[in-house]
């Protein structure tokens, strides 16, 4: 229960890029900065993913040294129909590599990180079954674990 009148932390969730460009004025108003980073959406191969995530994070953190920067969305899709993500770049194996690299890096750097997401969401995006928006979960929609959780 929140005590009435108690100040609650406020942030704004967005991709890392707007924090570098158009959200500079907003940064002074939030209690912490929340960023999203999705290397696979930005055409990065799995061997480039963690370095790219690190660059995304530090490009914002170095711009706002007095603010905590939290990664509120990071993940790797496991299927794609080719719209926005190369189908050859997504798999349960790649998701496991990225997740493990991300968790190890986050612990080492002491960065609060939230993984997107727990379960696949087959209702998202287009009716196309392989739409990437549907396939970010660490678990399938029926709650069976993907490789990363085995």
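At a glance:
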{"read-out": "Criterion: touching a helix residue (DSSP H, G or I) at 6+ places or on another chain (Cβ under 7 Å) and in a loop (DSSP other than H, G, I, E, B) - qualifying residue of 63, 130, 102", "value": "63"}
{"read-out": "Any pair with Cβ under 7 angstrom, 6 or more apart, that starts in the range 54-67 at a residue that is in contact (Cβ under 8 Å) with a residue 24 or more places away in the chain and ends at one that is in a loop (DSSP other than H, G, I, E, B)", "value": "57/111"}
{"read-out": "Residues of the range 113-135 satisfying the condition of being closer than 25 Å to residue 54 by Cβ, buried (at least 17 other Cβ atoms within 10 Å of the Cβ) and in contact with a strand residue (DSSP E or B) (Cβ under 9 Å, 6 or more places away or on another chain)", "value": "113, 115, 116"}
{"read-out": "Residue in the range 71-86 that is farthest from residue 10 (Cα to Cα), counting only those that are within 19 Å of the chain's Cα centre (by Cα) and surrounded by fewer than 17 Cβ atoms within 10 Å (Cβ to Cβ)", "value": "86"}
{"read-out": "Which listed residue, of 44, 108, is modelled with pLDDT of 95 or more and assigned to a helix (DSSP H, G or I)", "value": "108"}
{"read-out": "Close pairs from the range 19-45: first farther than 24 Å from residue 75 by Cβ, partner modelled with pLDDT of 95 or more and part of a loop (DSSP other than H, G, I, E, B), Cβ under 6 Å, at least 6 apart", "value": "27/64"}
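The values are calculated or read from the model by the stated rules, or taken from the named source; none is laboratory data. As the structure is a prediction and not an experimental result, all values here were calculated from the model. A quick note on method: Cβ atoms are made from the backbone with ideal geometry, for glycine too, and the neighbour counts reach across all protein chains shown.
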